[in-house]
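Asker: Okay, here's the structure, questions in a sec.
The values are calculated or read from the model by the stated rules, or taken from the named source; none is laboratory data. Predicted model, so just to flag it, every value in this text is computed and none were measured. FYI the Cβ positions are ideal-geometry reconstructions off the backbone, even for glycines, and counts take in every protein chain you see. Note: areas computed on protein heavy atoms with side chains; ligands, DNA, RNA excluded. Shrake-Rupley method; radii C 1.70, N 1.55, O 1.52, S 1.80 Å.
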Amino acid sequence: MTENRFDKGYDPLLVENKWYTFWEENHFFDADECSDRPAYSIVIPPPNVTGVLHMGHALNVTLQDILCRYRRLKGDAVLWMPGTDHAGIATQNVVERQLAEKGMSRHDLGREGFIEAVWAWRKESGSAIINQLKRLGACCDWRRERFTMDEGLSKAVRQVFVRLYHEGLIYKGDYIINWCHRCHTALSDLEVDHEEIDGFLYHIRYPFAGADGHLVVATTRPETMFGDTAVAVHPEDERYRNLPTAAVVLPLAERVLPIIRDAYVGMEFGTGALKVTPAHDPNDFEIGRRHGLESLKVIDDDGIMLPPAGAFSGMERFACRKAVVEELTRRGLLEKIQPYKHSVGHCYRCKTVVEPNLSKQWFVRTKPLAEAAVAAVEAGKTRIVPEVWVKNYYDWMNNIRDWCISRQIWWGHQIPAWTCEDCGKMTVAMDDPKACSACGSSRLVQESDVLDTWFSSALWPFSTMGWPEDTPLLRKFYPTSVLVTGFDILFFWVARMMMMGIHFMEEVPFRDVYVHALVRDEAGKKMSKSKGNVIDPLTIIDQYGTDAFRMTLAVFAAQGRDIKMSEKRVEGYRHFVNKLWNAARFAMMHLETPSDLPQTEKLDLPHRWILSRLQAVSRSVSENLDTYQFNNAAGDLYQFVWHEFCDWYIEAIKPDLYEKYGDEPRQFARAVLWHVLRDLLILLHPFVPFITEEIWSVLPGTRGSIMNACFPEVDSGRVDLDSERRMKVLIDIVSAIRNIRGEMNLQPSLTLSCRIHSIDERIHAAVTEQGDRIRNLARLDGIVLTASDEKPKHAAVAVIENAEIYVPMEGVLDIGQELQRLGKEMNKVQTELTNISRKLMNEDFIRKAPEEVIEKAREKQTLLEEKRNRMQRHIEKLQTL
RNA sequence: AGGCACGUAGCUCAGUGGGAGAGCACUACCCUGACACGGUAGGGGUCGUUGGUUCAAACCCAAUCGUGCCUACCA
């Protein structure tokens, strides 16, 4: 080890790159499908190729990495499958923006040219996100990296489409869909974000046809009135029971519309009369279907008014709204305008207001698929953790609507369906057809639409493993062990993977789904570019190191609670990483070649204690990681490293290491210290992989990488509750003396002496055996141990369980101060005692509480009474002075 | 509109039927031979509010207030 490498402060930047390269080059991340060890597999939620690493990725990837590293240490054959998503609309938008800067549009390049341009873009910048994942330490099998548009996955997509089509689960039909005029494509229901908007409710008079008077309808989108094909009222609405006619005249267009009665109409809302526009509203579309109404499109795919709008045709939709309102006002047909807050759908990509639009699209019939997906969870084949999400999953699956899978963009999997220009028959096939299957004509035209990006992601767990081929990888690693994901894509992705996995693999895609929380800013707001509150993970890593960052994420990853991220927190865990570094540095000063762990009986108290505690923390890490309680595992490790290993163990054994007690204790201390540190590094490795590898590499007696080490299984022979109890006596005594020192403002450099009065044999044994350690830890020059009941004068006193500790302060004891200190302590004891006594006097408690609870309370009462009495005597004595 | 979370120390959060906890921040003392990114000690809480169940409630139930999110959109 060189001076600068093992410096007193840990510098992550010096080591992280080195070790990552080392791991990758030595193939430690590689999955072996031929291994006979148990399989453990995870497929990464593929980030968008356009993506830049954000906090969500960082949390998601860190949790997966912790699990993979942990399972590898446990001896499993681990596959962590990486890859990226082609992200249809998002990617197309990025490339289109670049073209726009050059004053071009995709139409200048044509479809093929444009797709080439996208591939070129991907080649150039598509691996940025992958490199960012690597900086987090992600131990993916990068040799197997996949892309949703690559050849194998495209083949899987095609196979799935063709099979579903022939099974009647994919169809093409007229339907009202969400249309984004900017992206120029249909969007699935999930791709629409609803936002509250301050709009207006326009009350418009529709004159009766052939009679006086009018009906007032209320609408937020008056420009769609040209598409009205009826006016609807509720069948039981008294106000409209006896109307003069059964029709109204549509203003401006002067068309006659029937008045229909449909229970969908809300009587309380507006005037209780609803204009029905089947081509531009999903609910109106349904009403239209029920009543056999015509659908009349009045807004085209660019948001421009169509001919049915008459004088308004050719206008942009919002300009038209304004013009219509003005015209209606002029004609006295606008009864009133009411301010109205309502939510309006926006494109999730570009935030344009989406227009419900009638159009011919491709759909997946989801009902049968969803039923199987629900059944699988009900049968426990897939477990959703935490459980709160199960209900959400069921609700969504049970109310699922058909999934619109066609998108009118160029970047994506083009739909493998061809229409014959001669006979109109459609051919859907695995291989591009040369001739129409019906009439044999070669005049075939392929669908220009591509598939929703989520269509290919839905196949991810098996398409990445080589499906539709029957590969060894699939046989070894499907179904995957767990899917780790944020709840924001539970429906987009998880639900659809369940449907597709079950349908095509006849087996669920994952045993567990672990749904983690969202990372927010320190104020609890969702991070977003527009709010300007994003914290860049890479900036954090540069400043604090990957390990500190990962530890922070793990500690805060409590189930069901969002993480509020701030630099301040990460700083705290950098301190932890540094603490670990220094503990190791200290150990290294004393360790040479390690020796075997001595037999327990030969070991002195602190060693037996720390080995026992190590078993507890090892059990905790296993149990908590097995149940996805990352925060508990990380928290227990933090506590153990800092407050047990560093604060007490290392401090306690310093005399041994400095050979104060001779050669054998020194050898023993070295041996135990080495073993504990080694096991601790392995336990910590999943959370803080870099520093543990760095320390491992300089720790004598370790070979190779820590990644190939064995997870320290709990050795019940080392669990030693008696030693834990005795160590507590030592800690209590030392703490009591330190408390006196602190409260009495005695300089730490001042060595004190103390008298321990006790008639308890265990105290005598502990103090006799551990006297020297107590002297060291409490900075004493002498301890007098006695069974005497005589109270020394001029001494501060601490009353602990079964003992009193006196620190003589001849001439310097401030009686007032001491009385105050004891009084404070006395209050605490008295309050506790009162509570417990009251409880024990309660007859119902004695009658109904379990035996052991009563027994425990009695013991406690006895202890407290004794302590109270002893303290009382001290206080009385001091008062007589 | 419906649903789901969450209200515990100044801040961030664990705890989920029998002794109110941690980290940070704060106060005092200390550069003691791993670590000042450190050590020791200390102060600080009616566990949102109100009822109920129970021998016993921060924890279970109900109501209520507050906060956040999700789903759906009645035009």
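Asker: Just one of A:Val78, A:Val95 is out of contact with any Asp or Glu (no Cβ under 6 Å at 6 or more places or on another chain) and more than 13 Å from A:Trp411 (Cβ to Cβ); which is it? Steps first, please.
Answerer: Numbers: A:Val95 fails: more than 13 Å from A:Trp411 (Cβ to Cβ).
On inspection, the qualifying residue turns out to be A:Val78.
Asker: Can I ask one more? Considering only segment A:141-229, give the strands (runs of 3 or more DSSP E) lying wholly within it that have at least 2 residues that are open to solvent by less than 20 Å² (accessible area, probe 1.4 Å) and in contact with an Asp or Glu (Cβ under 8 Å, 6 or more places away or on another chain).
Answerer: Working: elements: A:170-180, A:185-187, A:192-207, A:214-219.
Filter on segment A:141-229 gives A:170-180, A:192-207.
Asker: From A:Arg821, A:Arg773, which residue is within 16 Å of RNA strand B (Cβ to nearest atom), under 30 Å from A:Gly662 (Cα atoms), in a helix (DSSP H, G or I) and not aromatic (Phe, Trp, Tyr)?
Answerer: Working: A:Arg821 fails: under 30 Å from A:Gly662 (Cα atoms).
Exactly one of A:Arg821, A:Arg773 is within 16 Å of RNA strand B (Cβ to nearest atom), under 30 Å from A:Gly662 (Cα atoms), in a helix (DSSP H, G or I) and not aromatic (Phe, Trp, Tyr), namely A:Arg773.
Asker: Answer yes or no as to whether A:Phe22 is assigned to a loop (DSSP other than H, G, I, E, B) and of a type in the set (Phe, Trp, Tyr). Lay out the reasoning, then the answer.
Answerer: Working: assigned to a loop (DSSP other than H, G, I, E, B): no; of a type in the set (Phe, Trp, Tyr): yes.
Judged against the criteria, A:Phe22 is not a match.
Asker: Please give the number of the condition A:Ala766 fails out of (1) open to solvent by less than 60 Å² (accessible area, probe 1.4 Å); (2) under 24 Å from A:Asp656 (Cβ atoms); (3) at pLDDT 90 or above.
Answerer: It is condition (3) that A:Ala766 fails.
Asker: Would you be able to say whether some residue in segment A:276-292 is closer than 11 Å to A:Asp228 by Cα and among the charged types (D, E, K, R)?
Answerer: Taking every residue of segment A:276-292 in turn, at least one turns out to be closer than 11 Å to A:Asp228 by Cα and among the charged types (D, E, K, R).
Asker: Let me ask another. Could you check A:Thr271 against (1) modelled with pLDDT under 90; (2) within 22 Å of A:Thr329 (Cβ to Cβ); (3) outside any loop (DSSP other than H, G, I, E, B) and say which number it fails?
Answerer: Only one criterion in (1) modelled with pLDDT under 90; (2) within 22 Å of A:Thr329 (Cβ to Cβ); (3) outside any loop (DSSP other than H, G, I, E, B) is unmet by A:Thr271, namely (3).
Asker: Go over the candidates A:Leu878, A:Leu819, A:Leu833 one by one and state the one that is surrounded by 16 or more Cβ atoms within 10 Å (Cβ to Cβ), under 24 Å from A:Ile740 (Cα atoms) and without any contact (Cβ under 8 Å) to a residue 60 or more places away in the chain.
Answerer: Working: A:Leu878 fails: without any contact (Cβ under 8 Å) to a residue 60 or more places away in the chain; A:Leu819 fails: without any contact (Cβ under 8 Å) to a residue 60 or more places away in the chain.
Criteria check complete, one pass: A:Leu833.
Asker: Can you say whether A:Ser735 is hydroxyl-bearing (Ser, Thr, Tyr) and either away from RNA strand B (no atom under 16 Å from the Cβ) or touching a residue at least 40 places away in the same chain (Cβ under 8 Å) (or both), as far as the supplied structure shows? It would help to see each step written out before you state the result.
Answerer: Working: hydroxyl-bearing (Ser, Thr, Tyr): yes; either away from RNA strand B (no atom under 16 Å from the Cβ) or touching a residue at least 40 places away in the same chain (Cβ under 8 Å) (or both): no.
Judged against the criteria, A:Ser735 is not a match.
Asker: If the Cβ limit is 9 Å and pairs must be 6+ apart or interchain, which residue in segment A:262-277 that is farther than 14 Å from A:Thr219 by Cβ pairs with which residue that is near RNA strand B (Cβ under 6 Å from one of its atoms)?
Answerer: A:Asp262/A:Leu274; A:Tyr264/A:Leu274; A:Tyr264/A:Asn283
Asker: In addition: Filter segment A:29-81 for residues that are part of a loop (DSSP other than H, G, I, E, B), under 30 Å from A:Asp536 (Cα atoms) and touching a helix residue (DSSP H, G or I) at 6+ places or on another chain (Cβ under 6 Å) and give the result. Give the steps one after another, and end with the answer.
Answerer: First, the residues of segment A:29-81 that are part of a loop (DSSP other than H, G, I, E, B): A:29-38, A:44-47, A:49-54, A:74-76.
Among the residues that remain, those that are also under 30 Å from A:Asp536 (Cα atoms) are: A:29-30, A:44-47, A:49-54.
Those that are part of a loop (DSSP other than H, G, I, E, B), under 30 Å from A:Asp536 (Cα atoms) and touching a helix residue (DSSP H, G or I) at 6+ places or on another chain (Cβ under 6 Å): A:Pro47, A:Val49, A:Thr50, A:Gly51, A:Leu53.
Asker: Out of all the residues in segment A:553-612, which are open to solvent by less than 40 Å² (accessible area, probe 1.4 Å), in contact with a helix residue (DSSP H, G or I) (Cβ under 8 Å, 6 or more places away or on another chain) and among the polar types (S, T, N, Q)?
Answerer: Scanning segment A:553-612 gives A:Thr600, A:Ser612.
Asker: Give A:Arg574, A:Arg608, A:Arg585 a once-over and let me know the one that is more than 11 Å from RNA strand B (Cβ to nearest atom) and basic (Lys, Arg). Let's see the steps before the verdict.
Answerer: Numbers: A:Arg574 fails: more than 11 Å from RNA strand B (Cβ to nearest atom); A:Arg585 fails: more than 11 Å from RNA strand B (Cβ to nearest atom).
Of A:Arg574, A:Arg608, A:Arg585, the one residue that is more than 11 Å from RNA strand B (Cβ to nearest atom) and basic (Lys, Arg) is A:Arg608.
Asker: Now a separate question. Could you please find all residues in segment A:845-864 being in contact (Cβ under 8 Å) with a residue 24 or more places away in the chain and either within 8 Å of RNA strand B (Cβ to nearest atom) or open to solvent by 70 Å² or more (accessible area, probe 1.4 Å) (or both)?
Answerer: If we filter segment A:845-864 for residues that are in contact (Cβ under 8 Å) with a residue 24 or more places away in the chain, which is where we start, we get A:860-861, A:863-864.
Once the filter is applied, which keeps residues that are in contact (Cβ under 8 Å) with a residue 24 or more places away in the chain and either within 8 Å of RNA strand B (Cβ to nearest atom) or open to solvent by 70 Å² or more (accessible area, probe 1.4 Å) (or both), segment A:845-864 yields A:Lys860, A:Leu863.
Asker: Would you say A:Ser735 is surrounded by fewer than 17 Cβ atoms within 10 Å (Cβ to Cβ), of a type in the set (S, T, N, Q) and within 30 Å of A:Glu592 (Cα to Cα)?
Answerer: no
Asker: Among what's in segment A:743-757 and is of a type in the set (S, T, N, Q) and outside any strand (DSSP E or B), pick the residue that is farthest from RNA strand B (Cβ to nearest atom). Give the derivation first.
Answerer: Start the filter on segment A:743-757 by keeping residues that are of a type in the set (S, T, N, Q), which leaves A:745, A:747, A:749, A:751, A:753.
Those left that are additionally outside any strand (DSSP E or B): A:745, A:747, A:749, A:751.
Details: A:Asn745: 6, A:Gln747: 6, A:Ser749: 6, A:Thr751: 11 Å.
Among those that are of a type in the set (S, T, N, Q) and outside any strand (DSSP E or B), it is A:Thr751.
Asker: Given the structure, is A:Arg870 modelled with pLDDT of 85 or more, part of a helix (DSSP H, G or I) and open to solvent by 90 Å² or more (accessible area, probe 1.4 Å)? Step through it out loud before you land on a result.
Answerer: Working: modelled with pLDDT of 85 or more: yes; part of a helix (DSSP H, G or I): yes; open to solvent by 90 Å² or more (accessible area, probe 1.4 Å): no.
No: the conditions fail for A:Arg870.
Asker: Of all the residues that make up segment A:305-364, how many are within 15 Å of RNA strand B (Cβ to nearest atom), open to solvent by less than 60 Å² (accessible area, probe 1.4 Å) and of a type in the set (Phe, Trp, Tyr)?
Answerer: 1
Asker: May I pose another question? Is there a residue being at pLDDT below 90, under 30 Å from A:Ala253 (Cβ atoms), within 16 Å of RNA strand B (Cβ to nearest atom) and acidic (Asp, Glu) anywhere in segment A:194-209?
Answerer: Yes - at least one qualifying residue is present in segment A:194-209.
Asker: Within the bounds of segment A:627-636, is there any residue that is in contact (Cβ under 8 Å) with a residue 40 or more places away in the chain and at positive phi?
Answerer: Taking every residue of segment A:627-636 in turn, at least one turns out to be in contact (Cβ under 8 Å) with a residue 40 or more places away in the chain and at positive phi.
Asker: I would also like to ask the following. A:His234 versus (1) more than 9 Å from RNA strand B (Cβ to nearest atom); (2) over 22 Å from A:Leu334 (Cβ atoms); (3) in contact (Cβ under 8 Å) with a residue 12 or more places away in the chain: which is the lone unmet condition?
Answerer: Condition (1) is where A:His234 drops out.
Asker: What pairs can you find where one residue is in segment A:507-534 and assigned to a loop (DSSP other than H, G, I, E, B) and at pLDDT 85 or above, the other is buried (at least 17 other Cβ atoms within 10 Å of the Cβ) and aliphatic (A, V, I, L, M), and their Cβ atoms are less than 7 Å apart, with a gap of 6+ or different chains?
Answerer: A:Val508/A:Ala376; A:Val508/A:Met498; A:Val508/A:Ile502; A:Pro509/A:Met497; A:Pro509/A:Met498
Asker: Would it be correct to say that A:Ile653 is closer than 17 Å to A:Leu777 by Cβ, without any contact (Cβ under 8 Å) to a residue 60 or more places away in the chain and open to solvent by less than 10 Å² (accessible area, probe 1.4 Å)?
Answerer: Numbers: closer than 17 Å to A:Leu777 by Cβ: yes; without any contact (Cβ under 8 Å) to a residue 60 or more places away in the chain: yes; open to solvent by less than 10 Å² (accessible area, probe 1.4 Å): yes.
Taking the combined requirement at face value, the residue satisfies it.
Asker: Could you tell me which numbered condition A:Asn242 fails, if it satisfies all but one of (1) more than 15 Å from RNA strand B (Cβ to nearest atom); (2) buried (at least 17 other Cβ atoms within 10 Å of the Cβ)?
Answerer: (2)
Asker: Exactly one condition in (1) within 16 Å of RNA strand B (Cβ to nearest atom); (2) in contact (Cβ under 8 Å) with a residue 24 or more places away in the chain; (3) farther than 18 Å from A:Glu355 by Cα is not met by A:Asp228; state its number.
Answerer: Of the numbered conditions (1) within 16 Å of RNA strand B (Cβ to nearest atom); (2) in contact (Cβ under 8 Å) with a residue 24 or more places away in the chain; (3) farther than 18 Å from A:Glu355 by Cα, the odd one out for A:Asp228 is (3).
Asker: Is it fair to say A:Lys602 is within 16 Å of RNA strand B (Cβ to nearest atom), at pLDDT below 95 and farther than 19 Å from A:Asp65 by Cβ?
Answerer: Details: within 16 Å of RNA strand B (Cβ to nearest atom): no; at pLDDT below 95: yes; farther than 19 Å from A:Asp65 by Cβ: yes.
So A:Lys602 fails the test.
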